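Q: Below is a structure I'd like to ask you about.
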Amino acid sequence: MKVYDRLDRQYEMFAEEYKQAAMRVLDSGWYILGRECESFEQEFASYIGGDSYCVGLNSGLDALILAVRALGIGAGDEVIVPANTYIATVLGITENGAVPVFVEPDEYYNIDAGKIEAAITGRTKAIIVVHLYGQAANMKRIKDIADRYGLKLIEDCAQSHTAEFDGKATGTWGDVGCFSFYPTKNLGAFGDGGAVLVRDKDLAAKFRALRNYGSSVKYHNDYCGVNSRLDEMQAALLRVKLSHLAELIAERKKLKEIYLSGIKHKDIILPAVRDGAGHVWHLFVIRTERRNELHDYLEAKGIHTQIHYPIPPHMQKCYEYLGHHKGELPIAEKYADEVLSLPFYNGMTEEEINCVIEAVNEF
Ligand SMILES: *Cc1c(COP(=O)(O)O)cnc(C)c1O
């Protein structure tokens, strides 16, 4: 049996609704910044966090880049960021000429709140947290640090749609919540998409201008903006997906239970959840010192696993100019060598998940 992350299953679940939404857009004769985007923004904002404003963008990376820019952070400024994250989080900083300052992860793979204060300098302007794999970071402590030092707080929620910390949604703790609707995400579109969530009305207006060449009145440009708009087709399809998101996440929670109770291996560390942290199980990530061996073993059995992520940002070629070296962030580097994401997707059958569990336990 071949088992791998697949998107066709979750499309098939609601295929008729997606087709209707797509036809509605095609027939409408209006394809950018119209009623679908506006409706999605309202629905998403009220779904995630009551009094928030949502601005639809072209991607999660754009959300991060524009969040840093809209908060006035640029050349010479430092931004604290988890060492254990996807490169896009860091690109959001460096695209604006600011400097990322990496902080090690804790045992839940998220930024270690206890190590943030030591990384703050006179140039620090913001903290970006990432709710990695779908689990909320330790927001109570991090919000407290940001407030005490007068730092902006940006949340990378690309993997954490609807996850909460202490009952408060990720994306509503900081100044800006950045979301991705890349197809594999829990709330995935059928192409690229992203959004920011903010509480401040003026800041929302700034994002609306920034995504549209920096203009809020046609041909009058207040900012040097970009072209980054959630198109009508993606917005319409996302509205369908959003209406089923609770079911989709509930299914993921059932699947993770099966993995957690089924996998028994002395060399494998299963994912754990912090007290107070919600987890929407974007990925199911295990850890073992024998990671490469396990990956190859499963691959030979037709089970395709992934690594999120094999090279930490500070060791990437593109960031050679920052002057980091191997051994500097040992925990993040260790995780990069040891993590493995098992096949995990909506529509995964009992037979498929049991096939993975059996193979892992035999390893
Ligand atoms: C996917 C992802 C992004 C980037 O989102 P895109 O929509 O692909 O640009 C940023 N941060 C994290 C943590 C992600 O997983």
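Q: Write out the chymotrypsin sites (Phe, Trp or Tyr not before Pro) in the stretch 27-90 meeting two conditions: DSSP loop, and at most 14 other Cβ atoms within 10 Å of their Cβ. Walk me through the numbers on the way to the answer.
A: On the way: sites: Trp30, Tyr31, Phe40, Phe44, Tyr47, Tyr53, Tyr86; in loops: Trp30, Tyr31, Tyr86.
Answer by residue number: Trp30, Tyr31.
Q: Now for a separate question. Tyr223 to Glu351: extension gain in nm, 0.36 nm per residue of separation minus the Cα-Cα distance?
A: Net length gain for the segment: 40.7 nm.
Q: Which peptide among 159-170, 197-208 comes first, and what is the full order, when sorted by highest mean count of other Cβ atoms within 10 Å? The partial results should precede the final answer.
A: Numbers: 159-170: 22.3, 197-208: 18.1.
By packing density, highest mean first, the sequence is 159-170, 197-208.
Q: Turning to a different aspect of this structure: Figure the gain on full extension for Ile311 and Leu270 (residue separation times 0.36 nm, minus the Cα-Cα span) and round it to one decimal in nm.
A: Details: separation 41, 0.36 × 41 = 14.76 nm, distance 2.09 nm.
Separation in residues times 0.36 nm, less the Cα-Cα distance, equals 12.7 nm.
Q: Once Rh for the stretch 253-311 is found with the Kirkwood sum over Cα pairs, what is the Stokes-Einstein diffusion coefficient at 37 °C and 0.692 mPa s, in µm²/s?
A: Working: Rh = 13.0 Å.
For these conditions, the coefficient is 253 µm²/s.
Q: Give the whole-number value, in cubic angstrom per residue, of the convex hull volume spanned by the C-alpha atoms of the stretch 209-363. Mind showing how you got there, number by number?
A: Details: hull volume 32.0 nm³, N = 155.
Convex hull volume per residue, Cα atoms: 206 Å³.
Q: Per-residue counts of other Cβ atoms within 10 Å, averaged by peptide: what ranking do you get for 343-349, 325-331, 151-157, highest first? Could you put the intermediate results ahead of the total?
A: On the way: 343-349: 18.4, 325-331: 13.0, 151-157: 26.7.
In descending order of packing, they fall as 151-157, 343-349, 325-331.
Q: P(r) of the chain in 20 Å steps, Cα pairs, percent per bin?
A: In whole percents, the pair-distance histogram is 30, 58, 13, 0.
Q: While we're here: With no solvent and one equal point scatterer placed on each C-alpha of the stretch 225-280, evaluate the Debye formula and give log10 I(q)/I(0) for q = 0.13, 0.16, 0.25 Å⁻¹, two decimals.
A: Summing over Cα pairs of the stretch 225-280 leads to -0.59, -0.73, -1.04.
Q: Another question, then. On average, how much area does the Cα convex hull of the stretch 1-101 cover when viewed from any direction, in nm²? Let's see the in-between values first.
A: Values: hull surface 40.7 nm².
Computing the convex hull of the Cα atoms and averaging its projections yields 10.2 nm².
Q: So if each residue of separation counts as 0.36 nm, and I subtract the Cα-Cα distance between Phe363 and Asp147, what length gain in nm does that give? Could you put the intermediate results ahead of the total?
A: Details: separation 216, 0.36 × 216 = 77.76 nm, distance 4.75 nm.
Separation in residues times 0.36 nm, less the Cα-Cα distance, equals 73.0 nm.
Q: In the structure shown, do any of Lys253/Lys317; Lys19/Lys185; Lys140/Lys266; Lys168/Lys218; Lys19/Lys152; Lys241/Lys266 have a Cα-Cα gap over 32 Å, and if so which?
A: On the way: Lys253/Lys317 37 Å; Lys19/Lys185 20 Å; Lys140/Lys266 34 Å; Lys168/Lys218 37 Å; Lys19/Lys152 41 Å; Lys241/Lys266 39 Å.
Too far apart for the 32 Å limit: Lys253/Lys317; Lys140/Lys266; Lys168/Lys218; Lys19/Lys152; Lys241/Lys266.
Q: Defining a contact as two alpha carbons under 8 Å apart and six or more residues distant in sequence, what relative contact order in percent does the chain show? Don't skip to the answer; put the middle values down first.
A: Working: 741 pairs, mean separation 79.2, N = 363.
Computed value for the chain: 22 percent relative contact order.
Q: Next up: How large is Rg over Rh for the stretch 97-256, taking Rg from the Cα atoms and Rh as the Kirkwood inverse mean of 1/r across Cα pairs?
A: Result for the stretch 97-256 is an Rg/Rh of 0.99.
Q: Run a plain Debye calculation on the stretch 37-163 (Cα atoms as equal point scatterers, no solvent) and give log10 I(q)/I(0) at q = 0.10, 0.11, 0.20 Å⁻¹, rounded to two decimals, same order as the q list.
A: Normalising to I(0) and taking log10 leaves -0.30, -0.36, -1.19.
Q: Take the Cα pairs of the stretch 119-161, get the Kirkwood Rh, then feed it into Stokes-Einstein at 20 °C and 1.002 mPa s and tell me D in µm²/s. Each step should come with its number before you reach the end.
A: Details: Rh = 10.9 Å.
Diffusion coefficient, whole number: 196 µm²/s.
Q: For the stretch 308-316, in order, what is each residue's ³J(HN,Hα) by Karplus, 6.51 cos²θ - 1.76 cosθ + 1.60 with θ = phi - 60°, in whole Hz (x at glycine and Pro)?
A: Using θ = phi - 60°, the values come out as 10, 9, x, 10, x, x, 5, 9, 6 Hz.
Every number here is computed from the coordinates shown, using simple stated rules; none is lab data. Worth saying up front: this structure is predicted, and the values here are computed from it rather than measured. Here the Cβ is made from the backbone with ideal geometry for all residues, glycine too, and neighbour counts use every protein chain on show.
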